[in-house]
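Asker: Dropping the structure in here first, questions after.
The values are calculated or read from the model by the stated rules, or taken from the named source; none is laboratory data. Computed from a predicted structure; not experimentally measured. Backbone-built Cβ (ideal geometry, glycine too); neighbour counts: all protein chains shown. What goes into the accessible areas is simple: the full protein's heavy atoms, side chains included, and nothing from ligands, DNA or RNA. Shrake-Rupley method; radii C 1.70, N 1.55, O 1.52, S 1.80 Å.
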Amino acid sequence: MNTIPMEPIGTVHSSRTAVEDDDWDRERAFIQLDETRFKPEALAGVELFSHVEVVFLMDRVDPAKIETGARFPRNNPAWPRMGIFAQRGKNRPNRIGVTICRVIRVEGGNLHLAGLDAVDGTPVLDIKPWVREFGPRGTVVQPEWMTELMKEYWVGQP
C-alpha cells in the first residue's frame, strides 16, 4: 500500500489541553499557520466566510488503540456496536479529525475560531472555507444513539 506524505500547515492553540469528549464550545482556539511555509496572506479572504472546515491529525491517539473493526461508541454498551467508519471516534485508522468551525477573526497568520474540537498543539492538515453547496443535499438521517452521544458535545458556550 502507498503512503501519503503530509505536512501540517499549522498548529492548534486551544484552552483545552486534555483529550475529552464534551463541552467543546467552552474552549477558545486559534490556528497558527506555519510561518516558515505560509505568509499571513494565505488566510486572505477567509474572514468573508462564516465557517471553515478544519482537517487535523488526532496525534494523541495511541496507535495500539486504533480500531479497524466494530466497537461500542464511547465504550457504551447501551449503544449498538458500530463499525469504525459508522462513527466519528478518535481511534480511527488515520486519526483524521474534521470539524466545521465558526470564523471569529483573522489576525496575521492566526485564524481564531469557535467550535474547534482539537486540543492545544494539534497539527492542522488543511483549512477550507465552508461552502453551502458542499453541504448535504436532501434529507439528513442519523441513528438515535448518535443524537444522544452528541447531546453534550457542543454545550458550554462561554
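Asker: Kindly report the accessible area of the chain per residue (heavy atoms of protein chains, probe 1.4 Å, no ligands, DNA or RNA), in Å². Spell out each step's value before the answer.
Answerer: Details: 10250 Å² over 158 residues.
On a per-residue basis, 65 Å².
Asker: Points 7 angstrom from Cα along the Cβ direction at residue 67 and residue 48: gap in nanometres?
Answerer: Placing both labels 7 Å along Cα→Cβ, they lie 4.1 nm apart.
Asker: Still on this structure, please answer the following. For the chain, what's the radius of gyration and Dmax over Cα atoms, in angstrom?
Answerer: Looking at the chain, its Cα Rg and Dmax stand at 16.5, 49 Å.
Asker: Still on this structure, please answer the following. Please give the calculated 222 nm ellipticity per residue for the chain, where each DSSP H segment of at least 4 residues contributes -39500 (n - 2.57) and the sum is spread over every residue; nearest 500 deg cm²/dmol? If you can, show how the numbers build up before the last one.
Answerer: Working: 1 runs with 7 residues, N = 158.
Result for the chain: -1000 deg cm²/dmol, rounded to the nearest 500.
Asker: Under the rule of at least 5 residues apart or a separate chain, name every residue whose amide H is placed under 5 Å from the amide H of residue 51.
Answerer: 103, 130
Asker: Turning to a different aspect of this structure: Report the percentage of all Cα-Cα pairs in segment 1-80 whose separation exceeds 22 Å, rounded to a whole percent. The partial results should precede the final answer.
Answerer: Numbers: 1509 of 3160 pairs.
Counting every Cα pair in segment 1-80, those more than 22 Å apart make up 48 percent.
Asker: Another one. Quick check: pseudo-label points 7 Å beyond the Cα along Cα→Cβ at residue 105 and residue 6, how many nm apart are they?
Answerer: Placing both labels 7 Å along Cα→Cβ, they lie 3.0 nm apart.
Asker: With a 10 Å cut-off between alpha carbons and a GNM built on the chain, which of 33, 116, 43 moves the most?
Answerer: 43
Asker: Given the options 102, 16, 74, state which has the largest fluctuation in a GNM of the chain using a 10 Å cut-off (strictly under) for Cα springs.
Answerer: Evaluated over the chain, the most mobile residue of the options is 74.
Asker: In segment 86-158, carbon and sulfur make up what percent of the accessible area (probe 1.4 Å)? Mind dumping the intermediate values first?
Answerer: Working: 2260 of 4460 Å².
The computed percentage sits at 51.
Asker: Another question, if that's okay. Describe numerically, in nm with one decimal, the distance between label points set 7 Å from Cα along Cα→Cβ at residue 146 and at residue 38.
Answerer: Result: 2.8 nm between the two label points.
Asker: OK, next. A 24 angstrom limit on the alpha carbon distance is what I want to check against. Which of 39/90; 128/151; 90/128 exceed it?
Answerer: 39/90; 128/151
Asker: Still on this model: So for each of 2-12, 86-96, 51-61 I average, over its residues, the number of other beta carbons within 10 Å; can you give me the resulting order with the highest mean first?
Answerer: Working: 2-12: 13.0, 86-96: 14.8, 51-61: 18.4.
So the order, starting with the most tightly packed, is 51-61, 86-96, 2-12.
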